[in-house]
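Student: Once you've had a glance at the structure underneath, I'll fire off some questions.
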Amino acid sequence: MVFATPVVIGNWKMNGLRADGEARVRQLLDLRRAQPGAGTLGICPPATLLSPIAAILGDGDILLGGQDCSSEAKGARTGDISAPMLQDAGCRLVIVGHSERRLGHGESDGQVRAKAVAAAAAGLVAILCIGETEDQWAAGRTLEVLDRQLEGSLPERATAESLILAYEPVWAIGTGRTPSAEEIARTHNHLRARLEQLIRGGEGLRILYGGSVKAANAGEILAIDHVDGALVGGASLDAAAFWAIYRAGQAA
Ligand code: PEP
């Protein structure tokens with residue numbers, strides 16, 4: 001699958017019960033029907049909502065994704081969900097290496113890479129997240145940190161069809177703060193060049209920015225060179241706000 005830009009993916013995190021999750025998806029479908037537009041739209045609800053939401057989305061073009069997957073296909077892993085299980089529930093995407101997993105659950109680059117490999121084996125597209133902490137950013141170490149994470153967690157055989165990269169500064173997630181447009185441009189330029197060096201076809205791989213993307217700043221962020229879309233947390237919990245971000249990307 002080649003991803004038309006803008007690629008805008010919503011990460012609902014641990015939010016949503018069945019009634020409000022289903023209502024949000026129906027609202028999104030209505031907005032999509034009213035103004036189809038180009039680009040790729042996806043949502044990653046909590047695991048409990050995947051099957052009911054898959055039934056609502058049907059074969060449509062809004063992609064469904066999980067928020068994490070195990071590196072194993074099955075077995076004694078209480079509480080974990082495997083990539084084949086996500087695929088079976090109707091997913092086509094899965095987020096791996098989100099900073100809330102890396103930092104909150106101590107996931108290493110190697111574990112994240114194994115998850116991305118497992119996702120590809122199950123036919124899912126991995127959305128691989130990387131990002132620096134505030135201290136690293138303040139110390140001017142952003143590119144060095146991203147290089148290390150990328151080299152450690154990008155599968156050797158990643159392709160533009162099997163993986164999307166998401167640059168998410170940890171200090172921008174859920175804080176209302178973002179790097180400047182110049183900083184985002186410099187970082188995405190750097191990531192594009194690194195991808196070209198690291199994997200064949202790296203120039204076609206989509207690179208998303210994530211961290212406090214809102215309707216108000218989406219136009220500016222999505223217009224930056226090598227920003228192919230956005231990974232959206234908080235604002236994706238409001239269908240109209242999420243839709244406005246996607247539409248801002250159409251104009252960019
Ligand atoms: C995220 O958690 O992936 C994210 C980008 O969150 P927010 O948009 O709320 O900063």
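All of the numbers you see were taken from the coordinates with simple rules; none came from a lab. Owing to the predicted nature of the structure, the values given are computational and were not obtained by experimental measurement. Cβ coordinates were reconstructed from backbone atoms using ideal geometry, including for glycine residues, and neighbour counts include every protein chain displayed.
Student: List the relative contact order of the chain as a percent without decimals, with contacts defined as Cα pairs under 8 Å and 6+ residues apart.
Tutor: 21 percent.
Student: Which whole number in µm²/s is D for the chain by Stokes-Einstein, with the Kirkwood Rh taken over Cα pairs at 10 °C and 1.306 mPa s?
Tutor: The diffusion coefficient I find is 89 µm²/s.
Student: Label segment 1-47 by shape, choosing from rounded, prolate and oblate, from the square roots a ≥ b ≥ c of the eigenvalues of the Cα gyration tensor; if a/c is under 1.5 it is rounded, and otherwise prolate applies when a/b is larger than b/c, oblate when it is not.
Tutor: oblate
Student: Then there is this: Find how much the distance from R157 to A34 grows on full extension, using 0.36 nm per residue of separation minus their present alpha carbon separation; answer in nm with one decimal.
Tutor: 40.4 nm
Student: Per the Kirkwood treatment, what hydrodynamic radius in Å, one decimal, follows for segment 17-121 from the mean inverse distance over all distinct Cα pairs?
Tutor: After inverting the mean inverse Cα-Cα distance, the result is 14.7 Å.
Student: Under the 0.36 nm per residue contour assumption, what length would be gained going from the current alpha-carbon distance of A4 and R26 to full extension?
Tutor: 5.7 nm
Student: Also: Count charges around S71 for me, please; just the other residues with Cβ under 11 Å from its Cβ, Lys/Arg as +1, Asp/Glu as -1.
Tutor: For residues surrounding S71, the net value is -1.
Student: Let me ask something additional. In nm, to one decimal, how far is the D80 label point from the L198 one, both placed 7 Å along Cα→Cβ?
Tutor: The modelled label-to-label distance comes out at 2.2 nm.
Student: Net charge within 11 Å of V94 by Cβ-Cβ distance, Lys/Arg positive one each and Asp/Glu negative one each, not counting V94 itself?
Tutor: My count for the surroundings of V94 gives +1.
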